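S.K.: Take this structure, written in structure tokens, and hold onto it; I'll ask about it next.
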Amino acid sequence: MADEAEPAADDALLAARAGEGDEDAFETLVRRHGPVLLRLASHLLGGGTDAEDAVQEAFVQAWRRLPEFRGDATFRTWMYRIVTNRCLNQLRARRPTAPLDAVAEPAAPEHQVSPARTAENTAAVVALHAALAGLSPEQRACWVLREFHGLSYEDIAHTVGISHQAVRGRIFRARRYLTEAMEAWR
Amino acid sequence: MALNEPLDSEELPCGRSLQDVWESWDEGTTGKDPHYASCPHCSAALAELRALGDFVEQSRAAAPEPPGAPDARAVTTRVMDIVRLELRPGRRLPLGEPDEDAWIVEAAAAKTFRAAAESLPGVRAGSCRIEPLGAGSGTSRGPVRVRLAVTAELTWTVPRLADAVRERVARAAREAIGLDVQAIDIEVVDLVDTMDTTDTTDRRTR
């Protein structure tokens, strides 16, 4: 939805070449999908070097695993899954899962948004990004994949590795939390 | 939180669950149910969700990259620096005469054969495997078999395409590498209207 059109057929060809050790083909894939994966990681981790590290490690892991990649999913979907898993692990390690109804913790410094970088952002947008920190890792992942990346519930279930029913619950709770957090901005 | 925990789907005063109302928004079915337009509770719930959606849209419009967005180019450079330390050259293939000790790695030969196939207009090469013809011969010297997968534009017919690619690969084996190729299998994966030729680095066609 929000992402650029996916040249899936050409991706499959390049992924096959990369799996056979063609590093030029892999570089094309990294350049093609890096920006959208960085957006995903930034939404999940709050931006900064953590997001860069997550995407970098995800691509290196992909390079190592490509010889076993059978193309059951598209390369893009496969990468979404690797990046999401890495981000979830990092979020889980960062702090214990906050119950949804708990008061949102003040955003950690890396979540905070410097006024200069976001001069063009409205205050509401800044508030929305800050509010994301109050979601549990899985709620955040499901909601971001849905709202910022336009994935279907089915694709989110595959990407996050939870059931369709669980995705529905996570997205509902995320929406409950975020509509409340953003109430003052309406 | 437990997976089997009942969803606190929160019933609205009209009896509808908030979760159902919001999911019908996802499915785009709110317009089909007259209840939504007439019910103040459902309307308010949908307005809340719509407002949240507006914030998301604002976020996209204000900054396609989220705050503190990282640099994609820097990440690509770092990824490729690591990848080049972890190359997968594949098996060694014998070059020249049986008593020589000259070899080429499979990845390098495959790169040459793919480029040879792509020197034809409207042809893209995918998987390329090269293996010794004698079964179980390991790294022993002897002729090899090439299997190459290609995608091409519809201006090609399959037999003409297979012949043309086979001819290019054979010539590259002979003239560019000096590899004893005795069998060339061409797999035509797909014929497409127009080839997406954007941003590939090593194309020589057109």
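S.K.: Can you list the residues, at least 5 places off or on another chain, whose amide H is less than 5 Å from the amide H of B:Ile104, using H built in the peptide plane?
M.R.: Answer set, sorted by chain and number: B:Leu93, B:Leu95.
S.K.: In sequence order, what are the phi-derived ³J(HN,Hα) couplings for segment B:19-30 according to the Karplus relation 6.51 cos²θ - 1.76 cosθ + 1.60 with θ = phi - 60°, rounded to whole Hz, with x for glycine and proline?
M.R.: These are the phi-based 3J(HN,Hα) values: 4, 4, 4, 5, 6, 5, 5, 4, 7, x, 9, 5 Hz.
S.K.: Residue by residue through segment B:109-114, which ³J(HN,Hα) values in whole Hz follow from phi under the Karplus form 6.51 cos²θ - 1.76 cosθ + 1.60 (θ = phi - 60°), with glycine and proline marked x?
M.R.: With the stated coefficients, segment B:109-114 comes to 5, 4, 4, 5, 5, 5 Hz.
S.K.: Across segment A:170-176, in residue order, what do the Karplus-derived ³J(HN,Hα) couplings come to in whole Hz, using 6.51 cos²θ - 1.76 cosθ + 1.60 with θ = phi - 60° and x for Gly and Pro?
M.R.: Each residue of segment A:170-176 in turn: 5, 5, 4, 5, 4, 5, 4 Hz.
The numbers here are math on the coordinates, done by the rules we state, and not lab data. Predicted, not measured: the structure shown is a model, and the values here were computed from it.
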